[in-house]
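Contents: one structure, followed by commentary.
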Amino acid sequence: MELLVRPSPFDDESLESYVLRLAEENGFESYQALSTPIHEWLAQQDHRAAGAFPKTLRLLNVYHANLSSSLRVRAIQLFQQLSRSDELPLLKLALMHSATTFGSGAISVFRDGIDIPRKFFRREGVPVCPECLEESPYIRQHWHLSLYNACHLHGHNLVSHCPECHQQLDYQITERIGHCECGFALSCAPRNRADATVLELSQVVAGEKVSGDSPLALTCNPSTRFGALLWFQTFLDGVVTEAEACNNAITFFKAWPNALVDELECRREQAELRLIKGLNHTSFKDVFGNLLIDARKLPMRDVGRNFVLRAIVHYLTELVRVNPLSKQANIGDVLMSLLEVAAALSCNVDAAYRLSREGYLPLAVRVKKYGKLQPHTPAFRLRDVMELRLARMQSLNDGGDEYLPAW
C-alpha cells in the first residue's frame with residue numbers, strides 16, 4: 001500500500017485534522033474508509049501494532065491509549081512510511097503521554113515541548129473559528145482546549161453549534177472539517193466579538209504575548225501557564241464553577257499576589273471562626289485546604305520558576321513573622337503534613353522525613369516507637385517549617401536535598 005499525496009502539515013494543526021486531509025487528498029471519502037486498508041496492511045506487517053491502530057478518528061491520538069500506547073506509536077510509525085515522498089509527520093503532531101504531573105497528581109500530555117494538563121481537553125465537541133476556516137481549512141490544536149473559547153487572531157467567539165441545524169460541532173465524529181453534517185459551510189457562520197477577558201485567556205492558552213505585568217504575561221513557558229491555570233481552577237474548586245474559574249483567571253492573576261493574599265486571609269478568618277479545637281491541634285489543610293499540595297509542581301517545584309509556590313511561601317513566611325510564638329496558640333502553630341512540608345521546602349517527601357529524623361525539624365505530635373510517620377499526617381508546626389526554610393533551605397532552585405547531612 002502507498003499514499004501518493006503528502007499534504008504539508010500546519011504547525012498548530014491537530015493530528016486528527018491532518019489525517020482527515022491526508023485521506024481526502026488521496027481519494028478516500030473519510031477516515032474510516034482509509035483506516036480499513038491501513039489496518040489490513042498493518043496486520044501483514046505487525047499484527048500486534050494493527051490491534052492498537054484505531055478505526056475511529058477520535059481515538060487515533062496516542063494519549064487515548066493507556067496500556068497499548070507504545071504499540072499505538074509503533075502502528076503510527078509504520079503508517080508514516082506509506083508516503084511515496086517524505087515520511088508523514090504523524091508523531092510530530094501527536095499528543096503523547098507525559099511523565100510530568102501537575103499539582104496533586106494531575107496527569108498531562110505532551111506535544112512540541114509543551115506539557116498540557118489532560119483535564120483541559122474537551123470531552124465533547126470541538127468549536128471552530130469561521131474566519132480561520134475561511135483562510136485555511138484545517139482544525140487548530142488549541143480548539144480542543146476547554147480554556148480556549150475565542151480566536152486569538154480574529155477576536156471572535158468560537159462557534160460550538162451549527163447555526164443551521166443547531167447540532168454540536170465535532171469534526172472527529174462527522175469527519176468533516178469545513179462543513180457541518182447537515183452540509184452548512186462553517187466559514188459562513190456569524191461572527192460575534194469576544195469579551196476582553198475571554199480573548200486574553202485564549203491568548204495565554206495559545207502562547208501569545210499578553211500585555212501587562214501579571215505573572216501569566218511575564219512567563220514565556222507555556223507549561224507554566226497551563227500549570228498556573230490548573231492551580232487556579234483547583235484553588236477555587238467548590239467556590240465557583242469551572243466556567244467561572246476560567247473567566248476569572250485573567251482578573252485574578254492581574255491582581256497577583258494581592259488577590260491570593262486576600263483569598264488566603266479570608267480563608268484563615270473563616271477557619272478561625274469555626275474552630276472546635278485549638279490552632280495547635282488544627283491541621284494546615286483545615287485552614288487552607290490543599291493549597292501547598294496543589295501548588296507544589298506546576299510543573300516544576302522550585303520557587304524560582306513556580307511563581308504560585310513562591311507567592312504562597314512568601315505569604316506563609318510573613319504569616320509566621322506577624323504571629324510569633326506565644327503562650328496562646330495562633331495561626332503559626334497549625335500542623336503540616338510531610339507532603340506540605342516538602343512543598344514548602346521545595347524538596348521531596350523523603351528529604352523532608354530525613355530533616356525530621358536528623359533533628360532539623362521537630363515533631364509536634366508523638367509517633368509510636370516503631371511506627372513511621374505517614375505523608376498525610378499533620379505533625380509539624382507551620383512556624384518550624386518556615387523558620388527552617390529561612391535558616392537553611394533558602395534557594396530559588398530545586399535543590400533542597402543538598403542541605404541535608406549524608407547518610
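The values are calculated or read from the model by the stated rules, or taken from the named source; none is laboratory data. Computed from a predicted structure; not experimentally measured. Every residue, glycine as well, gets a Cβ built from its backbone with ideal geometry; the counts of neighbours run over all protein chains shown.
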Seminar exercise, completed: When every residue in segment 42-89 that is hydroxyl-bearing (Ser, Thr, Tyr) and part of a loop (DSSP other than H, G, I, E, B) is compared, the one surrounded by the fewest Cβ atoms within 10 Å (Cβ to Cβ) is SER85
For this session: Report, ordered by the first and then the second residue, all pairs with beta carbons closer than 9 Å, sequence separation of six or more or different chains, a first member in segment 317-328 that is within 18 Å of GLU269 (Cβ to Cβ), and a second member that is surrounded by fewer than 16 Cβ atoms within 10 Å (Cβ to Cβ) and of a type in the set (Gly, Ala, Ser).
Result: GLN328/GLY278
Problem set entry | Within segment 93-129, tally of residues that are crowded, with 19+ Cβ neighbours inside 10 Å, out of contact with any Pro (no Cβ under 7 Å at 6 or more places or on another chain) and in contact (Cβ under 8 Å) with a residue 40 or more places away in the chain | 10
For this session: Output the qualifying pairs, or none if there are none: Cβ atoms under 6 angstrom, residues six or more apart or on different chains, first residue in segment 368-382 and part of a loop (DSSP other than H, G, I, E, B), second residue among the polar types (S, T, N, Q).
Result: HIS376/SER337; THR377/SER337; PRO378/SER283; PRO378/SER337
Problem set entry | Members of segment 132-146 that are over 26 Å from ARG118 (Cβ atoms) and either among the hydrophobic types (A, V, I, L, M, F, W, C) or touching an Asp or Glu at 6+ places or on another chain (Cβ under 7 Å) (or both) | LEU133
For this session: Starting from residues that are surrounded by fewer than 20 Cβ atoms within 10 Å (Cβ to Cβ) and of a type in the set (Ser, Thr, Tyr), keep the ones in segment 139-172 and report whichever is farthest from PHE226 (Cα to Cα).
Result: SER160
Seminar exercise, completed: With criteria (1) surrounded by fewer than 19 Cβ atoms within 10 Å (Cβ to Cβ); (2) acidic (Asp, Glu); (3) within 28 Å of the chain's Cα centre (by Cα), GLU318 comes up short on (3)
Problem set entry | Any chance HIS179 is on the phi > 0 side of the Ramachandran plot, without any contact (Cβ under 8 Å) to a residue 12 or more places away in the chain and not polar (S, T, N, Q) | no
For this session: Please state which one of LEU78, LEU95, LEU147, LEU91 is of a type in the set (A, V, I, L, M, F, W, C) and closer than 18 Å to SER8 by Cβ.
Result: LEU91
Exercise. Do we have LEU82 as more than 29 Å from ARG296 (Cβ to Cβ), at pLDDT 90 or above and touching a Leu at 6+ places or on another chain (Cβ under 8 Å) here?
Worked result: no
Problem set entry | Matching residues in segment 353-368 - criterion: being of a type in the set (Gly, Ala, Ser) and over 22 Å from GLU318 (Cβ atoms) | SER356, GLY359
